[in-house]
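A quick write-up on the structure given underneath.
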Amino acid sequence: MTGLGGQEGDGAVLSRRAAYWSGLRSAPSTAAFVLICSFLGFGALAHESGVALWPALFMSAFIWALPGQVVLASEIASGAAVWSAAAAVTLTAVRLMPLTVVLMPILRGERTGKAHQVLLAHFCAVTVWVESMRRLPKMPRAERVPYYWGFCTFLITTNLAATFVGHALAARLGVVLSSGLLFLTPIYFLLSMMAASPSRTDRLALAFGFAIGPVVYLYLPGFELILSGLIGGTAAYVLGRVLPVADRGDGR
Amino acid sequence: MTVETIGWLAFLLVAGVLATDIWRVAGVFAALRVSEDSEVFKFVRAVATALVAALIARLVFFSPGVLAQAPVLLRAGAFAAGFIVFLGARRSIAAGILAGEAVLLAGLAVLGS
């Protein structure tokens, strides 16, 4: 997908409204399609976890980060207490902080206020971050914030619809199709993390967490996410520091 | 609003919205001075990555809902097929997802017939 009309040429800066529409029009892409499929999967998962329609829509709109939403849905399904669910969700959301730290200096304009920046950051999740890093640096700074709003308008609208459809269809799809939707979430998470986070420490953390998670789940169900994260993440971090650097450049 | 609705809303706001957006807000203010290369960020990011990987493993090996009816070997095989195709297809997320789904749905169709 291209659709980055107007960014070439130094003098021609789009008006705010034109930049907004440019972001909206260029939002449909492979990344958006996969995200929509994953929110379909989340809607179905929420239904299967016993989460009603409006809490599922509320999560998509106001959490807007699939790993946290899936964790919250499974915490609700297992009847977890609010502090336990909050701890598990917040650990998955920690990764949003470095993403936001990187995004904001690229995205914000010279006069973007702090409250506006917080609103912008609410929509920062992995897919939005990857696409923003790819698209925004090529554009005049004045166009970036309205372009981002246009882009996010498309994603939030389509993914609220996808949550609704996934939730509504989960009960009527039959075993084969709803299995397919539920299967989208884990495969999308793995592949998008492999595509977006190529550092060696990240790959080690993925491998350790994946290997440790099911074992801890068998012995301490309910704590397996936090424990696997702490054990696997610490091991990956230490190994990443101790092991000699084998690969250079961009980490591949 | 019923009491049950208010309870749900409070639960979602604390365990969902607050637990998530606190890191985004922290990111906005940290962006004014803190570097993504600092060691604390690298450590926390590794913990979060391992946590999401554990979640992925749980969804594959201890699947929710009707997906649990599919044999675990089929789920694991479809997952592995998606990952291998992703690596072989220049890290195309779409290709990997299509391959994984194709294996899963084909397996379910064969087993179901």
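The values are calculated or read from the model by the stated rules, or taken from the named source; none is laboratory data. Computed from a predicted model, the values in this text were never measured in an experiment. Cβ: placed from backbone, ideal geometry, glycine included. Neighbour counts: every protein chain shown. SASA here: full protein model, heavy atoms, side chains in, ligands and nucleic acids out. Shrake-Rupley method; radii C 1.70, N 1.55, O 1.52, S 1.80 Å.
Out of B:VAL14, B:VAL47, which single residue is open to solvent by 30 Å² or more (accessible area, probe 1.4 Å) and assigned to a helix (DSSP H, G or I)?
The conditions single out B:VAL14.
Among residues belonging to the stretch A:19-59 that are touching a Pro at 6+ places or on another chain (Cβ under 8 Å) and within 25 Å of A:MET139 (Cα to Cα), point out the one that is most open to solvent (accessible area, probe 1.4 Å).
So, considering only residues that are touching a Pro at 6+ places or on another chain (Cβ under 8 Å) and within 25 Å of A:MET139 (Cα to Cα), the one most open to solvent (accessible area, probe 1.4 Å) is A:TYR20.
Counting only residues that are under 20 Å from the mean Cα position of the chain (by Cα), more than 30 Å from A:ALA18 (Cα to Cα) and modelled with pLDDT under 90, give me the helices (runs of 4 or more DSSP H) lying completely in the stretch A:142-252 with at least 3 of them.
Per the criteria, A:174-196, A:224-242.
Looking only at the stretch B:51-59, decide whether some residue is closer than 24 Å to A:VAL51 by Cα and either of a type in the set (D, E, K, R) or not in a helix (DSSP H, G or I) (or both).
Yes, that holds for at least one residue.
Go through the stretch A:76-96 and count every residue that is open to solvent by less than 30 Å² (accessible area, probe 1.4 Å) and at the interface with chain B (Cβ under 7 Å from one of its Cβ atoms).
Matching residues across the stretch A:76-96 total 8.
Please name all residue pairs, on different chains or six or more residues apart, with Cβ atoms under 7 Å, provided the first residue is in the stretch B:57-72 and is more than 7 Å from chain A (Cβ to nearest Cβ) and the second residue is open to solvent by 30 Å² or more (accessible area, probe 1.4 Å) and part of a helix (DSSP H, G or I).
Qualifying pairs under 7 Å: B:VAL72/B:PHE61.
Can you give me the number of residues within the stretch B:72-92 that are open to solvent by less than 40 Å² (accessible area, probe 1.4 Å) and in a helix (DSSP H, G or I)?
Counting residues in the stretch B:72-92 that are open to solvent by less than 40 Å² (accessible area, probe 1.4 Å) and in a helix (DSSP H, G or I) gives 9.
For the stretch A:107-125, give me each residue that is in a loop (DSSP other than H, G, I, E, B) and open to solvent by 30 Å² or more (accessible area, probe 1.4 Å).
Selection gives A:ARG108, A:GLU110, A:ARG111, A:GLY113, A:PHE123.
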